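Working notes, beginning with the structure itself.
The values are calculated or read from the model by the stated rules, or taken from the named source; none is laboratory data. None of these values were measured; they are calculated from a predicted model. Cβ sites come from the backbone with ideal geometry, for glycine too, and all protein chains shown count toward neighbours. These accessible areas exclude ligands, DNA and RNA; they are computed on the full protein's heavy atoms, side chains included. Shrake-Rupley method; radii C 1.70, N 1.55, O 1.52, S 1.80 Å.
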Amino acid sequence: MNDAIKEANKKKKLAFHDWKLNGRPKESDSIYLKKKKLTTHILRKECRLEVVKRRINERQKLINARTSDRNMFCKIIKSQRGKLSRFIDQLHVDDYTYYDDNIIEGWRSHFHKLAKQEQNQNYDTQYLNLIENEAKIIIDICKDRFKHNPITEEEISKPISCLNMNKAADFFGVYAENIIHGGKQLQQYLQLLIKRSFELGCITDILKIGTLFPVFKNKGDSRYAKNYRGITVTPIYSKIVKKIIKLREKPYHPGETKSITKRIY
């Protein structure tokens, strides 16, 4: 609760009172109904802004504590675990057990092993080589036939409007709200950047880095890493590029049942 939320809540209550005294009109052109909806929208907006501010402050507090105060860092981590803290006081990864503050190292070891490429003796290497050669041929054909189409203003604005808000920040600390409310200048910069990437046919590897979160599968013992799956939060920039490519592969036409405004998670 802050002053802006208190003021918005007060106006909402007054608008609701006026709407109630005037017979609770449901007509869309009713001034009392419009005022009630507007004040409700403003109140919810102020609440969302306050949540985002607190999230950013907590994140900055966590970053500062990590480098300056180890005890405070552990305290913040434990407070953010909430009721689940009793389930993750230890983590079993293969034959090793991690406790308390070392659990993060256990997650790192577990997902590192899953991502590591290993030679499978039972795999058909002849088939693998065939697929790799076919992939190279397809890439060469695409490069020969490549014709660059500039990114339009509409192509960059639609994916941005489809970004889902109130989600976790990406690896670079960027939220969807930063892009959505970044203004016209930021949108033009992104348009120029993506246009250049498409011209070169290359996306830099640093924009392929994601933040991985372990999610319990709701089966088995929660203390074992094998009972978790990983969800990766990709960079917001990569989500925009992905949506542009999807729109080009399958353009939206009026009358189709699938809406172009599907949210990007």
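With a Förster radius of 30 Å applied to the beta-carbon distance between Glu153 and Val215, the computed FRET efficiency rounds to 0.20.
Normalised by residue count, the stretch 85-227 yields a Cα convex hull volume of 184 Å³ per residue. Extending 7 Å from the Cα toward the beta-carbon at both Ile245 and Glu58 defines two label points whose distance is 3.4 nm. For the stretch 88-236, with all protein chains in place and a probe radius of 1.4 Å, 52% of the accessible heavy-atom surface sits on carbon or sulfur. Take every Cα pair under 8 Å whose residues are at least 6 apart in sequence, average their separation, divide by the length of the stretch 190-242, and the relative contact order is 34 percent.
Computed from phi, the 3J(HN,Hα) profile of the stretch 166-174 under the Karplus parametrisation 6.51, -1.76, 1.60 (θ = phi - 60°) reads 6, 10, 5, 6, 7, 4, 8, x, 9 Hz, with x in place of Gly and Pro. For the stretch 159-221, what class follows from the C-alpha gyration tensor (a ≥ b ≥ c being the square roots of its eigenvalues): rounded when a/c is under 1.5, otherwise prolate if a/b is larger than b/c, else oblate? In terms of gyration-tensor shape, oblate. Distance between the 7 Å Cα→Cβ label points at Lys195 and Lys37: 3.8 nm. Residues in the stretch 213-220 carry Karplus couplings, in order, of 10, x, 10, 5, 7, 6, 8, x Hz; the curve used is 6.51 cos²θ - 1.76 cosθ + 1.60 with θ = phi - 60°, and Gly or Pro positions show x.
Would the stretch 90-158 count as rounded, prolate or oblate if I go by the C-alpha gyration tensor, calling it rounded below 1.5 in a/c and otherwise prolate when a/b exceeds b/c, oblate otherwise? Note, shape of the stretch 90-158 comes out oblate. With the highest mean first, a sort of the peptides 35-46, 132-143 on other beta-carbon atoms found within 10 angstrom per residue produces 35-46, 132-143.
Could you give the length gained on full extension between Glu118 and Met1, defined as 0.36 nm per residue of separation minus the Cα-Cα distance, in nm? If you can, show how the numbers build up before the last one.
Working: separation 117, 0.36 × 117 = 42.12 nm, distance 5.29 nm.
Length gained between Glu118 and Met1: 36.8 nm.
Our coupling estimate for the stretch 44-55, obtained by passing each phi through the Karplus curve with A = 6.51, B = -1.76, C = 1.60 and θ = phi - 60°, is 5, 5, 5, 5, 5, 4, 5, 5, 5, 4, 5, 5 Hz, Gly and Pro reported as x.
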